[in-house]
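One structure is given here, and the rest of the page talks about it.
Just so it is clear, none of the values below were taken in a lab; they were calculated from the coordinates. Fair warning: this is a prediction, and the values are worked out from it, not measured in the lab. All Cβ positions, even for glycine, are placed from backbone atoms using ideal geometry, and neighbour counts span all protein chains on display.
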Amino acid sequence: MEVVIVPDAKAGGELIAEAIGALLSRKPDALLGVATGSTPLPIYQALAAKVRSGAVDASRARICQLDEYVGLPAGHPESYRSVVLREVIEPLGLSEASFMGPDGAAEDVRAACLAYDKALAEAGGVDLQLLGIGTDGHIGFNEPCSSLASRTRIKTLTEQTRIDNARFFDNDITQVPHHVITQGIGTILESRHPILLATGEGKADAVARTVEGPVASFVPASALQLHPHATVVVDEAAASKLKLADYFRATYAAKPAWQGL
Ligand code: PGA
């Protein structure tokens, strides 16, 4: 996998927004998989600025969701559908019609998972999948020991993830759902270009285990080592435990600009 070390979160957001812009100029109706959480926000801000300035035309982009809480009432402000509408769809000037996601309020959750996995394939597959990483190494909500071949399905969150996400629920862990629907690791690996962004010292361990550790379901993000075109963008703090940091820096510095990410 390619590891790109950037000075800070803003630079990471700018770099990835540029890659999305390049994709949209090649393929205006690209299917862009978006992640939630705090980390990807600088990407969405940078991309929206490019759309506003006319540097990027996102008018035909299609957006799809990575994961969703189960059981939050429709329209709950912290459902990932609401978050993506607020942080991505509206700032990019897109309509809800360009947006697909799993139905976290479905009565038959299993059927909703199967339907979403199928819908992604029928839409032609995800062209570029943005990912964050949990402090426990999860991607999407594939918690440690998720099958590396998993498809979209229901998962139970670890206590650590629920603690990490309580900040979105008035710091009240009792409000954080226990269950989620997430694209599986096998589903994520079918995207044409997964790009993981990690920022801050709190992610340094998970990043080192993802990039330099063995491929293991205990560190779900390490499955990206199996993808022929995976990119990991990290700021200096998140890169601080990488043994090969100098090599990654030198490699990227020498990379021809036309290659992009
Ligand atoms: P964060 O979440 O960006 O809010 O740290 C990342 C994740 O859990 O995937």
Among residues of segment 1-40 being surrounded by fewer than 17 Cβ atoms within 10 Å (Cβ to Cβ) and closer than 30 Å to Ala166 by Cα, the residue farthest from the chain's Cα centre (by Cα) is Pro7
Among strands (runs of 3 or more DSSP E) entirely within segment 1-103, at least 1 residues that are away from the ligand (no atom under 16 Å from the Cβ) occur in 2-6, 31-34, 62-65
Counted residues in segment 116-136 being outside any loop (DSSP other than H, G, I, E, B) and surrounded by fewer than 16 Cβ atoms within 10 Å (Cβ to Cβ) come to 4
When restricted to Ile5, Ile63, the only residue out of contact with any Gly (no Cβ under 7 Å at 6 or more places or on another chain) and over 27 Å from Ile154 (Cα atoms) is Ile5
Expected output for segment 26-46 (first residue under 11 Å from Ile195 (Cα atoms), partner buried (at least 24 other Cβ atoms within 10 Å of the Cβ) and of a type in the set (Ser, Thr, Tyr), Cβ below 7 Å, 6+ apart or cross-chain) is Gly33/Ser191
Leu157 vs (1) surrounded by 14 or more Cβ atoms within 10 Å (Cβ to Cβ); (2) hydrophobic (A, V, I, L, M, F, W, C); (3) in contact (Cβ under 8 Å) with a residue 24 or more places away in the chain: all pass except (3)
Picked from segment 151-168 (must be away from the ligand (no atom under 13 Å from the Cβ) and outside any strand (DSSP E or B)), the residue nearest to Tyr80 (Cα to Cα) is Thr152
Listed by first then second residue, the pairs whose first member lies in segment 195-210 and is within 9 Å of Ala239 (Cα to Cα), whose partner is in a strand (DSSP E or B) and within 9 Å of the ligand (Cβ to nearest atom), with beta carbons under 8 Å and at least 6 positions apart or on separate chains, are Val207/Ala198
Among residues of segment 125-145 being away from the ligand (no atom under 16 Å from the Cβ) and in contact with a Lys or Arg (Cβ under 9 Å, 6 or more places away or on another chain), the residue nearest to Leu197 (Cα to Cα) is Leu128
Flagged in segment 185-222 as more than 15 Å from the ligand (Cβ to nearest atom), part of a loop (DSSP other than H, G, I, E, B) and either β-branched (Val, Ile, Thr) or buried (at least 24 other Cβ atoms within 10 Å of the Cβ) (or both), in numbering order, are Ser191, Val215
Condition (residue is among the aromatic types (Phe, Trp, Tyr), touching a residue at least 12 places away in the same chain (Cβ under 8 Å) and within 14 Å of Gly71 (Cβ to Cβ)) applied to segment 163-171: is it met by at least one residue?
yes
Those residues of segment 137-150 that are assigned to a loop (DSSP other than H, G, I, E, B) and surrounded by 20 or more Cβ atoms within 10 Å (Cβ to Cβ) come to a total of 7
